[in-house]
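Here's the structure we're looking at; comments come further down.
Where a number appears in this text, it was derived from the coordinates with a stated rule and is not lab data. Everything numeric here is computed off the predicted structure, so don't read it as measured data. Glycine also receives a Cβ, built like all others from the backbone with ideal geometry; neighbour counts cover every protein chain displayed.
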Amino acid sequence: MESGQVGSENRQIWLATSEDATAVLALLARQFEEHEIEVPAKQLQTAVEAMLADDRLGFFLLAEADSQTVGLACVSFCWTLEHGGKSAWLDELYVRPELRSQGIGSALIEEVLQKANEMGCAAIDLEVDIEHRRAEQLYQRFGFASLPRARWVKELR
């Protein structure tokens, strides 16, 4: 997908495959730990493996800097009336803390936008923790707009 520089580091972003499952799971575990989100390991593994095996569900992008996997984006698909068809949900965007503010997150978002557009998505939705100003500013730079809504959930299993 993309190669370039992040500061003095070589950077590459690619579409993850089943061979990347271990790297995807490791980065997601760090993300969830950082945000104090509890996801059972087996549930996470099952969901990741399913998405990696079936691109109709969504996709993962991985970012590498200096030969280390340092970030990821997870996008899942849904069909919405509001957007008039297939849309994307940016489920996770994560860059290791020590490498933030170096353009890796921005590069991942650029690739997400391109890939989702290529796959026929009409829009991309996401959520941001209410007090996560830094993430809000990042998404605003890419044209995302906040909606006057609250996200609710009811677990079914």
Ratio Rg/Rh [Cα only; Rh per Kirkwood] for the chain: 0.94
For the chain, calculated [θ]222 nm from helices alone, where every DSSP H run of n ≥ 4 adds -39500 (n - 2.57): -10000 deg cm²/dmol
Eligible lysines near LYS115 by straight Cα distance, threshold 19 Å, same-chain separation 8 or greater: LYS86
From phi via Karplus (6.51, -1.76, 1.60), per-residue ³J(HN,Hα) for the range 38-44 in Hz, x at Gly/Pro: 8, 10, x, 4, 5, 4, 5
Equivalent ellipsoid semi-axes - Cα gyration tensor, the range 85-150, angstrom: 20, 16, 9
Residue-by-residue Karplus 3J(HN,Hα) for the range 145-157, coefficients 6.51, -1.76, 1.60, Hz, glycine and proline x: 10, 6, 9, x, 9, 10, 8, 10, 8, 9, 5, 10, 8
Peptides 69-76, 50-57, 85-92, 130-137 ordered by average Cβ neighbours within 10 Å, highest first: 69-76, 85-92, 50-57, 130-137
Extension gain (nm, one decimal) between ASN10 and LYS42, 0.36 nm per residue minus Cα-Cα: 8.2 nm
Distant-in-sequence amide H partners of LYS86 (H built 1.01 Å from N, under 5 Å): THR80, ALA122
Calculated from backbone phi, Karplus (6.51, -1.76, 1.60) coupling profile of the range 62-74 in Hz, x at Gly/Pro: 10, 10, 10, 9, 6, 6, 10, 6, 10, x, 8, 10, 10
Most mobile of ARG96, ARG141, ARG11 in a GNM of the chain (Cα contacts under 10 Å): ARG141
